[in-house]
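None of the figures in this text is laboratory data; all of them are computed from the coordinates on show. Bear in mind the structure is a predicted one, so any value in this text is a computation, not a measurement. All Cβ positions, even for glycine, are placed from backbone atoms using ideal geometry, and neighbour counts span all protein chains on display.
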Amino acid sequence: MKLIVGTGSTWSLRVWICLQLIKVEASEQVIDLSSTDHQAKILEYSPSGLVPAYIDGNIVINDSLAIIEHLNEHSHGGLYPISVKQRACARSLCAEMHSGFTLLREQFPFMLTPAKTPAILNQQIHQELARVEAIFESATLPYMFELAGAVDAFYAILAFRLNSYGITLPGKAGEYQQSLLQWDLLKNAIKQAEHWENMCAIS
């Protein structure tokens, strides 16, 4: 198996966390997304021209959500809860993270170090944050469901992003945010992202 990742790619990190959760080893091909020829390099591995991509034998799986579903099947359900209703909820939350919170992503780019200036929150940002807070409040704690899974992998990066801009959620939502920030797999993912950056800086 091979995982094609990009520097600064939050979706690459989410897939990386999920691989650790189900204890699947995959070699990594790191693409420097800041390089002028990064598109051509990605296309050598991923026909979509996007990262992450996951190569399993003779197939290439594009898009992080599709990769997670493949990994979940490969691990006999290792990334979602056992309960049918909880699995449906988990998939819904992953899909919402996958396609939503566009303003948060635009206004607060992912960084490995804390932002130098405080976040400026307008009404639309507050609306997206309110939705994040509602999701985080529904967590069982310390994870979203009884065991760590895809939902935690998806939202841990968001918890880190918010924290980088000094945004701390209140109440139970804040407890889940802090739980994710203290999660060893998130800490390791951030170290991995730093490693990817350093690899590209040296090459």
| task | Return the single residue from Glu28, Glu128, Glu106 with maximal mean-square fluctuation; model: Gaussian network over the chain, springs between Cα atoms under 10 Å. | result | Glu106
| Lysine pair count for the chain [Cα-Cα under 18 Å; pairs on different chains or 8 or more apart] | 4
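Considering only DSSP beta bridges with both partners in the chain, what is the antiparallel share in %, to the nearest 5? List each step's numbers first, then the result.
Working: 7 of 12 bridges.
Counting DSSP beta bridges with both partners in the chain, the antiparallel share is about 60 percent.
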| query | Where the centre of each part is set by its Cα atoms, how far does segment 117-176 sit from segment 1-39, in angstrom? | reply | 23
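Counting helices only, and only those DSSP H runs with n ≥ 4, report the 222 nm mean residue ellipticity of the chain as the sum of -39,500 (n - 2.57) divided by its residues, in deg cm²/dmol to the nearest 500. Please list the in-between numbers first.
Details: 9 runs with 111 residues, N = 203.
The helix-only estimate for the chain comes to -17000 deg cm²/dmol at 222 nm.
Check every DSSP H run in the chain and write down those whose alpha carbon atoms cover 20 angstrom or more along the long axis and whose mean Kyte-Doolittle hydropathy is -0.5 or greater.
On the way: long enough: 84-99 (23 Å, -0.28); 123-137 (21 Å, -0.35); 150-164 (22 Å, 1.03); 184-202 (27 Å, -0.34).
Helices passing the filter in the chain: 84-99, 123-137, 150-164, 184-202.
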| request: Please tell me the relative contact order of the chain in percent, rounded to the nearest whole number, where contacts are Cα pairs under 8 Å and at least six residues apart. | output: 24
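Using DSSP, restrict attention to beta bridges with both residues in segment 2-74 and report what percent are antiparallel, rounded to the nearest 5. Walk me through the intermediate numbers first.
Details: 7 of 12 bridges.
Antiparallel: roughly 60 percent of the beta bridges in segment 2-74.
Excluding Leu141 itself, what net charge comes from residues whose Cβ is under 9 Å from its Cβ, given Lys and Arg +1 and Asp and Glu -1? Show your work: numbers first, answer last.
On the way: positive: Lys172; negative: Glu175.
Result for the neighbourhood of Leu141: 0.
Does segment 48-125 come out rounded, prolate or oblate, given a ≥ b ≥ c as the square roots of the eigenvalues of its C-alpha gyration tensor, rounded meaning a/c under 1.5 and, failing that, prolate meaning a/b above b/c?
Values: a/c = 2.71, a/b = 1.59, b/c = 1.70.
Because a/c hits 1.5 or more and a/b fails to exceed b/c, segment 48-125 counts as oblate.
So how much slack lies between Asp184 and Thr168, counting 0.36 nm per residue of separation and subtracting their Cα-Cα distance, in nm? Spell out each step's value before the answer.
Working: separation 16, 0.36 × 16 = 5.76 nm, distance 1.93 nm.
Result: 3.8 nm gained on full extension.
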| query | Once label points are set 7 Å from the Cα along Cα→Cβ at both Thr113 and His126, what is their separation, rounded to one decimal in nm? | reply | 3.3
| If we count every other residue with Cβ under 11 angstrom of Ile31's Cβ, Lys/Arg +1 and Asp/Glu -1, where does the sum land? | -3
| query | When the dipole is taken about the Cα centre of the chain, and only Lys, Arg (+1) and Asp, Glu (-1) are charged at their Cβ, what size is it in debye, to the nearest 20? | reply | 280
